[in-house]
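Visitor: Could you have a look at this structure, given as structure tokens, before my questions?
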Amino acid sequence: MLTGANNVTIAGNFAYITTEKDLVIVDLSTPLQPAIKAQVPLNNPRAVAVQFLYAFVVDAEGLKVLDIRDLQSKGEVHLIPSAMVPLNHAHDVYVARTYAYVANGEEGMAIIDVEKPEQPKLDQTFNAEGKMNDVRSIKVAMTNASLYAYVADGENGMKILQLTDPETMPTYAGFSPRPEPHLIAWYKTKGEAVGISKGLDRDRAVDESGNQVAVFGRRGARPFNYEDVMRMLRTNDGAGDFFQVTDTMP
């Protein structure tokens, strides 16, 4: 079932594994007895990012979106036919709030608006005037008031992009400002840069099932459990699968 496995993403109690032909989701609730929960045929899938009720996967055709809300209860995953952004060289995807950042090979980085996950749309592409032409992997992180992308750019090495800047962007504040990428630093690696790791999250890290995985210098409140997560995601009567974000920043 996992022949040709090339990438794995852990979200909650599930491992999302891309193979040559399929996305295979493995239930790790009992770690010594892993079990296949779902299988989705795709065209050479390469990476997956999971956020709330959706999984974003890149394959040979581009970015696709899966509805995973019934995975836990029914073992069902639904590929949304209309939720697709064509890309020619997609290798990796990282989702940060309302944008998906796709490593798009020789075409650089594709930034996709996923505020409405079932209607994703290409927001912009960026290749630093041709300096990024072998992009294999991307991670996004916040430092103080600025957002950065850390890029493995294949034969070119590591690149760092500043996505938001409080000194030059009046719109930098808020929940998810539109990124304005600028190449600010790079490092020529000895070999090809094909992957880049994720840094530590600030304060605490809790997975999608509500299991606390790390705490950094903070005591007190417990992490969310599954029911807490559902109360956050759903309407008060429990019928809706939508959530609202109130932005209190100026």
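The values are calculated or read from the model by the stated rules, or taken from the named source; none is laboratory data. These numbers were taken from a predicted model, which means no experiment stands behind them. Ideal geometry is used to build each Cβ from the backbone, glycine not excepted, and the neighbour counts take in all protein chains shown.
Visitor: Pairs please, first residue from region 86-114 and on the phi > 0 side of the Ramachandran plot, second anywhere and crowded, with 24+ Cβ neighbours inside 10 Å, Cβ atoms under 7 Å, 6+ apart in sequence or on different chains.
Guide: Final answer for the pair search is 105/135; 108/132; 108/135.
Visitor: Could you look through region 8-39, keep only residues that are in contact (Cβ under 8 Å) with a residue 60 or more places away in the chain and not small (Gly, Ala, Ser), and pick out the one that is farthest from residue 197 (Cα to Cα)?
Guide: From region 8-39, those in contact (Cβ under 8 Å) with a residue 60 or more places away in the chain are 10-13; that's our starting set.
Filter again for not small (Gly, Ala, Ser), leaving 10, 13.
Values: 10: 14, 13: 21 Å.
So the residue we want is 13.
Visitor: Being part of a strand (DSSP E or B) and either of a type in the set (Gly, Ala, Ser) or more than 18 Å from the chain's Cα centre (by Cα) (or both) is the filter here, so list the residues in region 17-39 that pass it. Show your work before the answer.
Guide: If we filter region 17-39 for residues that are part of a strand (DSSP E or B), which is where we start, we get 17-18, 22-27, 35-39.
Correct list: 22, 26, 27, 35, 36, 37, 38, 39.
Visitor: If you take the residues in region 161-178 that are under 22 Å from the mean Cα position of the chain (by Cα), surrounded by 13 or more Cβ atoms within 10 Å (Cβ to Cβ) and not small (Gly, Ala, Ser), which one is nearest to residue 133 (Cα to Cα)?
Guide: 161
Visitor: Quick one: what pairs do we get from region 143-160, first residue farther than 15 Å from residue 128 by Cα and among the hydrophobic types (A, V, I, L, M, F, W, C), second crowded, with 16+ Cβ neighbours inside 10 Å and at pLDDT 95 or above, C-beta under 6 Å, 6+ apart or different chains?
Guide: Listed pairs, sorted by first residue: 147/163; 147/164.
Visitor: Turning to a different aspect of this structure: Going through 25, 68 one at a time, which residue ends up being buried (at least 22 other Cβ atoms within 10 Å of the Cβ), touching a helix residue (DSSP H, G or I) at 6+ places or on another chain (Cβ under 8 Å), over 16 Å from residue 125 (Cα atoms) and of a type outside the set (Gly, Ala, Ser)? Write out each step before concluding.
Guide: Working: 68 fails: touching a helix residue (DSSP H, G or I) at 6+ places or on another chain (Cβ under 8 Å).
Residue meeting the stated conditions: 25.
Visitor: Let me ask something additional. In region 192-212, is there at least one residue being modelled with pLDDT of 90 or more and outside any loop (DSSP other than H, G, I, E, B)? Write out each step before concluding.
Guide: Within region 192-212, the subset modelled with pLDDT of 90 or more is 192-197.
Still in the list and also outside any loop (DSSP other than H, G, I, E, B): 193.
Yes; the residues of region 192-212 include at least one that is modelled with pLDDT of 90 or more and outside any loop (DSSP other than H, G, I, E, B).
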